[in-house]
Amino acid sequence: MAVLLLLWLAALLASSSAYAPGFDYFVLALQWPGTVCRSSAAGGPCCSSNACCRSDRIGWFTIHGLWPSYAHGNGPTCCNNADFDMAKISNLTMELQKYWPSLYCSSPSLCSGGHGSLWAHEVTD
């Protein structure tokens, strides 16, 4: 299931970048929840908007992000000015919460006026 989720995310990022200059590769960043949840950079060990407070502790690496990148440095950002629509991925919510939960207390989308979920931040920024 995780492989299918990653393939879907790669396709989503590729299609959202269709109007931007091409990119050379994807960067997949994983994170260990136990370390992130103890970090002060994550806003402390627990807040109402992150998965660090879940009763079922996450015992596997989770996705932090999947980003298109250029060989010479950073990748495209804010490519299509489209607002993130949670309804379009509602059938994936359970898998996203399992494999790509927000472990940070705040992850606003820079391309959506500073509003939105971790997924909005990762997909649109």
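No value in this document is a laboratory result; all are computed from the given coordinates. Bear in mind the structure is a predicted one, so any value in this text is a computation, not a measurement. Counting neighbours? That spans all protein chains shown, and the Cβs are built from the backbone with ideal geometry, glycine included.
From the phi angles alone, apply the Karplus equation (6.51, -1.76, 1.60; θ = phi - 60°) to segment 62-75 and give each ³J(HN,Hα) in whole Hz, x where the residue is Gly or Pro.
10, 6, 9, x, 9, 10, x, 9, 9, 4, 8, x, 4, x
Amide H of His64 versus every other amide H placed in the peptide plane: which residues, excluding those fewer than 5 positions away on the same chain, fall under 5 Å?
Amide H to amide H, under 5 Å and 5 or more residues apart or across chains, His64 pairs with Ala29, Leu30, Gln31.
What does the charge count near Trp60 come to, summing +1 for each Lys or Arg and -1 for each Asp or Glu among other residues with Cβ under 15 Å from its Cβ?
+1
Using θ = phi - 60° and the Karplus form 6.51 cos²θ - 1.76 cosθ + 1.60, what ³J(HN,Hα) does each residue of segment 27-33 get, whole Hz, x for Gly and Pro?
With the stated coefficients, segment 27-33 comes to 9, 9, 10, 10, 9, 9, x Hz.
In a shell of Cβ-Cβ distance under 14 Å around Ala51, excluding Ala51 itself, what net charge do Lys and Arg (+1) and Asp and Glu (-1) give?
Within the 14 Å Cβ shell, the charges total +2.
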